[in-house]
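The values are calculated or read from the model by the stated rules, or taken from the named source; none is laboratory data. Treat the numbers as computed from the prediction; the structure is a model and nothing was measured. Cβ atoms come from the backbone with ideal geometry, glycine included; neighbour counts cover every protein chain shown. For the accessible areas, the whole protein counts, side chains as well, though only heavy atoms, and no ligand, DNA or RNA atoms are used. Shrake-Rupley method; radii C 1.70, N 1.55, O 1.52, S 1.80 Å.
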Amino acid sequence: MEKDEEQEEQHRNFFRLRYNEPEMPSFLWDGESFRVSEISEQGIRIEVKADTQIVDGEVIAGIIQFDDGGEIEIQGKPLRREEDELVIKLHHGVELKIMNKEQIRIRKKYSRD
């Protein structure tokens, strides 16, 4: 990633937690399970298959299941699709305390100390 792109990422309004592959939570939606690649206080990014149908303006409601067994219900609308990922703008965002808990869990798991 170029330095300018990295700085642009950091200037967003909300903290984002990007997951590496083995740590991705599950998102249960419409009878299917999707992997969550990123969460923020106002949105999530999920991996979708090419044939996943998305309707503009459709309310997407489901449950995020975290590795520690915690779950949260979310609702939002599709914001954009980027190749194999769908960005969803949430009506009520993920609480910062949940994001902090996830960040701490991941750091502990991969810490070299």
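Here is how the numbers come out for the structure above:
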{"item": "Accessible surface of the chain [probe 1.4 Å, protein heavy atoms]: carbon and sulfur percent", "result": "44 percent"}
{"item": "Label of the coordinate-derived value, P(r) over Cα pairs in 10 Å bins from 0, in percent, listed as [x] 13, 46, 32, 8, 0; [y] 13, 35, 26, 22, 4; [z] 13, 40, 30, 14, 3, 0", "result": "[x]"}
{"item": "Given charges at beta-carbon only (K, R positive; D, E negative), |dipole| of the chain in Debye", "result": "480 debye"}
{"item": "Placed amide H near Gln42: partners under 5 Å, 5+ positions off or other chain", "result": "Val94"}
{"item": "In Hz, Karplus ³J(HN,Hα) per residue of segment 51-67 (6.51, -1.76, 1.60; θ = phi - 60°; x = Gly, Pro)", "result": "8, 5, 8, 10, 9, 4, x, 5, 7, 9, 10, x, 10, 8, 10, 8, 4"}
{"item": "Rounded accessible area per residue of the chain, 1.4 Å, Å²", "result": "70 Å²"}
